[in-house]
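The values are calculated or read from the model by the stated rules, or taken from the named source; none is laboratory data. Small disclaimer: the values here were computed from a predicted structure and weren't measured. Positions of Cβ are backbone-derived with ideal geometry, glycine not excepted, and every protein chain shown enters the neighbour counts. What goes into the accessible areas is simple: the full protein's heavy atoms, side chains included, and nothing from ligands, DNA or RNA. Shrake-Rupley method; radii C 1.70, N 1.55, O 1.52, S 1.80 Å.
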Amino acid sequence: MIKRDDMTFSMKEYERRLSELRSRMKERLLDAVIITDPGNILYLTDYQTTGYSYFQAIVVPIEGEPVMVTRKLEESNVFARTWVEKTSPYEDTGDAIQTLFDCLKDMNILDKHIAFERNSYFFPAYQQARLHSAFGDRFIYDCYGIVEQSRLCKSKEEIEVLKKAAKATEAGMKAGIAACKPGVSENEIAAEISAAMFKAGGEFPAVMPYVTTGPRTMIGHATWEGRKLKEGEHAFLEVGGCYRRYHTAMMRTVVCGELSDSMYKAQEVMKRALGAVHEYFRPGLTVSDANAIVRDIIMDNDIGATLCTRAGYSLGIAFPPSWDEGSIISLNPGDFRPLQEGMVFHVIPWMWGIDGDKTAGISDTIQITKDGCKSFFKTDRDFTVVKSK
């Protein structure tokens, strides 16, 4: 392990993360794990790249030095960013899985208890099949979730990085709101959001901002498509700011013209839901109850709207195609894990189908504290109303 002081976190932080992983490996009687999820690799080493169309993995033995298996071009990221000393690169025309297998052989662990992340997006089925073929009669275990257990709760150092992401989120949202006027296109709004995020120190996010106007707000996860905002319509904005691959996110709504009774009701319902979040979310509350607190308030409306998704999800490290850690933990019914200090959530009491044809949102990114929760933002939660001249 190279001792360095120019990574996102302190060496002490990375040493803790590696130690926790090895403690779980010991509990599972594993001699080595093959980690292929980009977020998990970054969490352990500070390694990042946009080149995940090529196979990449870090092999972590229970003892000794981890080895990074990566495309030759991406090897430069290992040396530039991480504490990892050993690499096993392959050429563009090389065989990534054979390189991995040879790496395991060189580490003298082929006959040991080895596990890999079976559910990793970035270890596709055809490559997993090749790995099993290479192993032959040797059994290979599944260690999906072994790193994520540490990622559930953010350390104090991670919270400080998330605060930097929050500055980018807020800057982008403020610029987007200011750009929303009749005659302005969704592209122009998105451009203002993006420029402001990056000027505020934000880095390229896992997902660019969601910008929809008028009837397009009913389309889930739609990006900008050039439509111009009209008088009497509204814009639905969702911004995810990023710093060192850590994200925070926020939804806001802008109304051009008068605030209708139904849109005012929607605003107040969502504000009430977020108020309940800040009143009741704390360590010990179950995930299922956290979901119910938000969902019950949103669903009790007379404007035809619904909360058609989970009530929130974990935020932290993210790579495309999503800015969330929802696979680690999401606010859904039936999950009886307790909230813990250090957990971070994007709570999304948005309302889909107001009057049957409008979607609006007000959301918050919060951290669970010792005895409650706290927002990363200071931005006003009311809808922004742009009055006609």
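General remarks:
- Every residue from the range 69-83 that is touching a residue at least 24 places away in the same chain (Cβ under 8 Å) and more than 15 Å from Arg4 (Cβ to Cβ): Val69, Arg71, Glu74
- Candidates are the residues of the range 187-207 that are more than 10 Å from Gly172 (Cβ to Cβ) and surrounded by fewer than 23 Cβ atoms within 10 Å (Cβ to Cβ); the one that is nearest to the chain's Cα centre (by Cα) is Ala206.
- For the range 324-343, the tally of residues that are farther than 15 Å from Ala311 by Cβ and polar (S, T, N, Q) stands at 2.
- Of all the residues in the range 109-121, those that are touching a strand residue (DSSP E or B) at 6+ places or on another chain (Cβ under 9 Å), open to solvent by 50 Å² or more (accessible area, probe 1.4 Å) and of a type outside the set (D, E, K, R) number 2.
- Test: residue in the range 175-185 that is within 26 Å of Cys373 (Cβ to Cβ) and not aromatic (Phe, Trp, Tyr): yes
- Whenever a residue of the range 187-216 is over 17 Å from Thr248 (Cβ atoms) and part of a strand (DSSP E or B), its partners that are open to solvent by 10 Å² or more (accessible area, probe 1.4 Å) and hydroxyl-bearing (Ser, Thr, Tyr), lying with C-beta atoms within less than 7 angstrom and at least six residues away or across chains, give the pairs Val211/Thr223.
- Odd one out for Leu104, checked against (1) closer than 24 Å to Tyr14 by Cα; (2) within 25 Å of the chain's Cα centre (by Cα); (3) in a helix (DSSP H, G or I): (2)
- Scanning the range 118-137 for residues that are assigned to a helix (DSSP H, G or I), under 30 Å from Pro209 (Cα atoms) and either aliphatic (A, V, I, L, M) or touching a residue at least 12 places away in the same chain (Cβ under 8 Å) (or both) turns up nothing.
- Filter result for Ala190 (in contact with a strand residue (DSSP E or B) (Cβ under 9 Å, 6 or more places away or on another chain) and either farther than 21 Å from Ile354 by Cα or among the charged types (D, E, K, R) (or both)): yes
- Apart from one condition, Thr248 fits all of (1) more than 26 Å from Gly202 (Cβ to Cβ); (2) in contact with a Cys (Cβ under 9 Å, 6 or more places away or on another chain); the exception is (1).
- Per the listing Asp296, Asp289, the residue uniquely farther than 30 Å from Val147 by Cβ and either at pLDDT 95 or above or in a strand (DSSP E or B) (or both) is Asp296.
- On inspection, Ala125 passes the criterion of being among the aliphatic types (A, V, I, L, M), open to solvent by 30 Å² or more (accessible area, probe 1.4 Å), under 28 Å from the mean Cα position of the chain (by Cα) and more than 30 Å from Phe9 (Cα to Cα).
- Sub-6 Å Cβ pairs linking a first residue in the range 84-106 that is hydroxyl-bearing (Ser, Thr, Tyr) to a second residue that is assigned to a helix (DSSP H, G or I), at least 6 apart or interchain, are Thr87/Glu75; Thr87/Val78; Ser88/Thr99; Ser88/Cys103; Tyr90/Ala96; Tyr90/Thr99, ordered by first then second residue.
- Restricting the range 377-389 to residues that are assigned to a strand (DSSP E or B) and out of contact with any helix residue (DSSP H, G or I) (no Cβ under 6 Å at 6 or more places or on another chain) leaves a set whose member that is farthest from Val347 (Cα to Cα) is Val386.
- Where Lys374 falls short, out of the listed (1) part of a loop (DSSP other than H, G, I, E, B); (2) closer than 28 Å to Val147 by Cβ: (1)
- Residues considered: Ile159, Ile146. Of these, the only one that is under 30 Å from Gly241 (Cα atoms) and not in a helix (DSSP H, G or I) is Ile146.
- Residue count for the range 255-282, restricted to those that are part of a strand (DSSP E or B) and within 22 Å of Met299 (Cα to Cα): 0
- Residue, surrounded by the fewest Cβ atoms within 10 Å (Cβ to Cβ), within the range 308-320, restricted to residues that are within 21 Å of Asp335 (Cα to Cα) and in contact with a Phe, Trp or Tyr (Cβ under 7 Å, 6 or more places away or on another chain): Cys308
- Among the residues listed as Asp296, Asp302, the single one being open to solvent by 40 Å² or more (accessible area, probe 1.4 Å), without any contact (Cβ under 8 Å) to a residue 12 or more places away in the chain and over 14 Å from the mean Cα position of the chain (by Cα): Asp296
- The set of residues in the range 327-367 being assigned to a strand (DSSP E or B), closer than 17 Å to Lys154 by Cα and open to solvent by 30 Å² or more (accessible area, probe 1.4 Å) consists of Pro338 alone.
- Qualifying residue in the range 258-280 (condition: open to solvent by 10 Å² or more (accessible area, probe 1.4 Å), modelled with pLDDT of 95 or more and within 23 Å of the chain's Cα centre (by Cα)): yes
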